[in-house]
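**Student:** Here you go, one structure.
The values are calculated or read from the model by the stated rules, or taken from the named source; none is laboratory data. Remember, it's a predicted structure, so these values are computed and weren't measured experimentally. Reconstructed Cβ throughout: ideal geometry from the backbone, glycine too, with neighbour counts over all protein chains shown.
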């Protein structure tokens with residue numbers, strides 16, 4: 001989705017007005033400014049049958065940490081936990097939260113819940129890409145480039161510190177000439193003056 005300059009300025013003005021009148025609405029206006037309109041129908045149920053003798057698999061704090069790894073599908077850029085606790089106009093994040101709670105109560109652990117959400121929404125539901133396949137390049141290339149650059153700089157530093165070698169002629173160097181050749185040279189220099 002693309003925004004025209006007019007849409008951007010209008011949304012910025014609305015965000016500024018919301019900041020002036022109500023601080024709670026400012027965060028929502030800023031999120032909507034850059035993410036486009038909310039897609040309230042973007043929720044797809046993530047349901048698995050409860051495990052036999054299921055007990056909740058994690059505490060509410062652990063569940064909240066898990067929700068920080070799942071991206072809300074309403075069109076914002078927030079995770080489920082942040083979206084449901086800051087944007088009260090979103091209907092998608094509470095539904096996704098209910099799905100997480102149902103899976104937790106069904107005895108599923110964090111990895112199984114993430115796998116279930118991946119099965120329904122695909123990789124776009126994750127706040128960070130999976131560390132497998134082509135995505136590994138995104139995790140490794142910056143460190144490889146940093147290490148290569150460090151090695152290059154470490155190799156160049158001694159050259160930058162070392163002064164350039166210069167040949168200094170401090171005194172007269174011995175000349176390999178006969179006495180007759182030296183007399184002829186002296187006579188030629190006197191004749192030039």
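**Student:** So how many residues does the stretch 116-134 have that are under 22 Å from residue 60 (Cα atoms) and surrounded by 16 or more Cβ atoms within 10 Å (Cβ to Cβ)?
**Tutor:** Qualifying residue count, the stretch 116-134: 5.
**Student:** Given the criterion at pLDDT 70 or above, within 26 Å of residue 100 (Cβ to Cβ) and surrounded by 12 or more Cβ atoms within 10 Å (Cβ to Cβ), identify the matching residue among 42, 61, 52.
**Tutor:** After ruling out the rest, the residue left standing is 42.
**Student:** Picking from 113, 175, which residue would you name as being exposed (fewer than 10 other Cβ atoms within 10 Å of the Cβ) and touching a helix residue (DSSP H, G or I) at 6+ places or on another chain (Cβ under 9 Å)?
**Tutor:** 175
**Student:** Is it the case, given these coordinates, that residue 106 is more than 30 Å from residue 44 (Cα to Cα), modelled with pLDDT of 90 or more and surrounded by 10 or more Cβ atoms within 10 Å (Cβ to Cβ)?
**Tutor:** No, not satisfied.
**Student:** Show the residue pairs meeting these rules: Cβ distance below 6 Å; 6+ apart or different chains; first residue within the stretch 41-62 and within 18 Å of residue 90 (Cα to Cα); second residue assigned to a loop (DSSP other than H, G, I, E, B).
**Tutor:** 42/73; 42/74
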